[in-house]
Amino acid sequence: MDPIREAMLKRSRSAKLERRGRLISLFCIGLIVVIVAGIFYFVASKGLATFFSDGVNLWDFLTHSVWSPGVKDAHGSPQVGALPMIVGSFGVTFLSAIIATPFAVGAAVFMTEISPKVGRKILQPVIELLVGIPSVVYGFIGLSVVVPFIRSIFGGTGFGILAGTFVLFVMILPTVTSMAVDALRAVPSHYRSASLALGATRWQTTWRVVLRAATPGILTGIVFGMARAFGEALAVQMVIGNAALLPNNLVSPASTLTSVLTSGIGNTVMGSLENNALWSLALLLLLMSLFFNIMIRWIGKKGELK
Amino acid sequence: MNPKQADKLATGVLYTVAGIIIVILASLLGFILFQGLPHVSWHFLTSPASTFEAGGGIGIQLFNSFYLLLLAMVISVPIAIGAGIYLAEYAKKNWITDLIRTSIEILSSLPSVVVGLFGFLVFVLQFKMGFSILSGALALTVFNLPLLTRNVEDSLRQIHFTQREAGLALGLSRWETVVHVVIPEALPGIITGMILGAGRVFGEAAALIYTAGQSAPALDFTNWNPLNIASPLNIFRPAETLAVHIWKINSEGIQPDAAAVSAGASAVLILAVLLFNLVARYAGNRLYKKMTAS
């Protein structure tokens, strides 16, 4: 065969390279998808074992408030009531989000509408730095400042939902603020000009126009903060007191899904009921993070239509 | 109240809010640094931790943190670049791509403790790696991948399409265009994202307590044989990192100077994160100037 014909019919070096490159990148992305599927499969298979092989009633699991997986109750079914942890997790999440939202939105308005110079020069870098502070550091500060402070005011041990709320508030504040700032900056400046041209004051413009237009973005930021608060493990575990009891008030020791997981999973035997019950909590955590994800998408879609 | 007064009032309130936040943040940073820095000394940074007595350091933990970070980056960066290239250059607009994007989003929003538990189940138990640096690095990879991938994709997407067309017009294949034209230009963005990701990984603890373990066996820093159990390079030894150490001594530690040690370790951790931030900014700008014509 003549060399020209051969060169025309054979795959070129370039085409081979292209094929190989494409396969490599496909492999990488496939790996990520496999990891996600793997996480769901493993956590779900462990977490569902409590209900299918150990025969725990799902409703009892969600609503009973006695958590002692080693002990059986009068009917011979194990006592795995996750209500205290669920209440604790939702309690700290919502409380910290409620406190953080006005501060975060206020700071974001300050940074974009009132004093952009100070905002960009001082607040922005500090907030960026704070987003990166490791959660154990927040936990340590909570343990050495917040807990003694609460103890001196309310008495008791100082550990509890209130301490967890404070720590999470400081933790999610930078996250929510920076996302609110992005949302406010994305509002086109002619919205502001139009409102000011109508004779509205700066505050009227901010309140009635800018904040309205930025609402979906701000909501996304808040949900993001809540997702972070809900999944936070160590900082909360260090200050909440770790008692799997239904909390009487905000300053009595409580626990969250994450705190029970971190302190418990190493002390139980794989495959035992105690262990499976913990995996059920992990599954609950996974489903909640999925829920937050769906909510963020939903808000994004709602915001788009306007 | 007329609108003018309302405006004044609101402005005053917003100034107060901003002031309160600055005070909180400043006192936070000040607290860590003023509490911690007096404890930081050469001895503190290099000597091993002690379990029962005062005067322990964080030498081994510090080394473990950096070693684990290095391994995690070595594993996750190539995967993230490959995946980012796929998403930015090859992915078509269809349901498969949507599914891939959704799963990356889910992975990035997973609580790190769930990632840690997954690592415990799969790497530590299933693959029988035990509590080891390798398990920890793999868990950190899972934790780090989604953000890195998104960063690579965003950086690649910012490159103007004319650059790609120029490459293709020269007869390069798509892959060659990506490797020789697009990636060099996107490199500053990619590197900035990686350094920021490294800062995040450096402070991560929840994903590590059940993968890399909570103990730091003594190391012999003269032994560089990676197969020896006492060697710092061994990837099958358990390795407590700095962040895990802070958590550990605060929740179950019995050292009399636990507060001092954790204050010092926190200060070191914060300074490291600060350093990563500064380096990310500086390196990004510098590289951009060096690699492009601007």
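Please treat every number below as a calculation from the coordinates, not as lab data. All of these numbers come straight from a predicted model, not from anything done at the bench. When we count neighbours, we look across all protein chains shown, and the Cβ atoms used for this are built from the backbone with ideal geometry, even at glycine.
For B:N285 and A:R185, the FRET efficiency from 1/(1 + (r/R0)^6), where r spans their Cβ atoms and R0 equals 25 Å, is about 0.70. Derived from the Cα gyration tensor, the three semi-axes of the equivalent ellipsoid of region B:130-265 are 42, 18, 12 Å, largest first.
Ordered by the count of other Cβ atoms within 10 Å of each Cβ, fewest first, A:E6, A:E113 give A:E6, A:E113.
What the phi angles of region A:273-284 give under the Karplus curve with 6.51, -1.76 and 1.60, with θ = phi - 60°, is a coupling list of 4, 4, 5, 4, 4, 5, 5, 5, 4, 4, 4, 4 Hz, glycine and proline written as x.
With a ≥ b ≥ c taken as the square roots of the eigenvalues of the C-alpha gyration tensor of chain A, please select rounded if a/c is under 1.5 and otherwise prolate if a/b is larger than b/c or oblate if it is not? Because a/c hits 1.5 or more and a/b fails to exceed b/c, chain A counts as oblate.
In this structure, B:L168 and A:E6 have a Cβ-Cβ separation that, at R0 = 25 Å, corresponds to a calculated FRET efficiency of about 0.45. The shape of region B:40-291 comes out prolate: with a ≥ b ≥ c from the C-alpha gyration tensor, a/c is at least 1.5 and a/b beats b/c.
Normalised by the number of residues in chain B, the mean separation of alpha-carbon contacts (under 8 Å, six or more apart) gives a relative contact order of 26 percent.
Taking every residue in B:262-270, how many Cβ atoms of other protein chains lie within 10 Å of its Cβ, on average? Whole-number average of other-chain Cβ neighbours for B:262-270 is 4. Using the Karplus relation 6.51 cos²θ - 1.76 cosθ + 1.60 with θ = phi - 60°, the per-residue 3J(HN,Hα) values for region B:195-204 come to 5, 4, x, 4, x, 5, 5, 4, x, 6 Hz, with x marking Gly and Pro. Can you tell me which aspartates and glutamates have their Cα less than 18 Å from the Cα of B:K248? Leave out same-chain residues fewer than eight positions away. Counting by Cα, and skipping residues close in sequence, B:K248 has these aspartates and glutamates nearby: A:E232, B:E53, B:E204, B:E240, B:D257. Which FRET efficiency value, to the nearest 0.05, is calculated for B:L278 and B:K93 with the Förster distance at 35 angstrom and r the Cβ-Cβ distance? Computed FRET efficiency for B:L278 and B:K93 comes out at 0.35. A cut-off of 5 Å between modelled amide H atoms, ignoring neighbours fewer than 5 places along the same chain, links B:T211 with no other residue. Shielding of peptide A:291-298 by partners, expressed as the average count of other chain Cβ atoms within 10 Å per residue Cβ, is 2. Enter the Cα centre distance for the pair region B:145-196 and region A:100-178, rounded to the nearest angstrom. What the calculation gives is 37 Å, centre to centre. Taking amide hydrogens as placed 1.01 Å from N in the peptide plane, the amide H of B:E240 sits under 5 Å from those of B:S215, B:A216, each at least 5 positions away in sequence or on another chain. To make sure I understand the rule: partners must be lysines, Cα under 21 Å from the Cα of B:K128, and not fewer than 8 residues away in the same chain. Which ones qualify? By straight Cα distance, B:K128 reaches A:K46. What the phi angles of region B:134-140 give under the Karplus curve with 6.51, -1.76 and 1.60, with θ = phi - 60°, is a coupling list of 4, 4, x, 5, 5, 4, 5 Hz, glycine and proline written as x.
Projected onto its three principal axes, the C-alpha set of region B:72-120 covers 35, 25, 13 Å, listed from the longest axis down. Among B:197-206, A:184-193, the peptide with the highest mean count of other Cβ atoms within 10 Å heads the list, and the full ranking is B:197-206, A:184-193. Residue order for B:L138, A:L245, fewest other beta carbons within 10 angstrom first, comes to A:L245, B:L138.
For region B:207-268, chymotrypsin sites (Phe, Trp or Tyr not before Pro) meeting the loop criterion (DSSP other than H, G, I, E, B) and having at most 16 other Cβ atoms within 10 Å: B:F221, B:W224, B:F236. Ordered by the number of other Cβ atoms lying within 10 Å of each residue's own Cβ, fewest first, A:S65, A:S255, B:S76, A:S152 fall into the sequence A:S152, A:S65, B:S76, A:S255. Taking amide H as placed 1.01 Å from N in the peptide plane, the amide H of A:W67 sits under 5 Å from that of A:G81, each at least 5 places away or on another chain. When the square roots of the Cα gyration tensor eigenvalues are ordered a ≥ b ≥ c, the ratio a/c for the protein assembly as shown is under 1.5, which makes its shape rounded. Here the simple spin-label model places points 7 Å from the Cα toward Cβ, and for A:R13 and B:F236 these points are separated by 4.2 nm. Residues considered: A:L290, A:L257, A:L95. Largest GNM mean-square fluctuation over chain A, using C-alpha springs under 10 Å, is found at A:L290. Taking every residue in B:80-87 and counting other chain Cβ atoms within 10 Å of its Cβ, the average works out to 6.
Computed with the Debye formula from one identical point scatterer per Cα of region B:198-252, without solvent, the log10 of I(q)/I(0) at q = 0.23, 0.30, 0.31 Å⁻¹ comes to -0.90, -1.10, -1.13. Find the percent of Cα-Cα distances in region B:11-68 that exceed 13 Å, and round it to a whole number. Beyond 13 Å sits 72 percent of the P(r) for region B:11-68. Packing, as the average of other Cβ atoms within 10 Å across residues, places the peptides B:260-269, A:265-274 in the order B:260-269, A:265-274, highest first.
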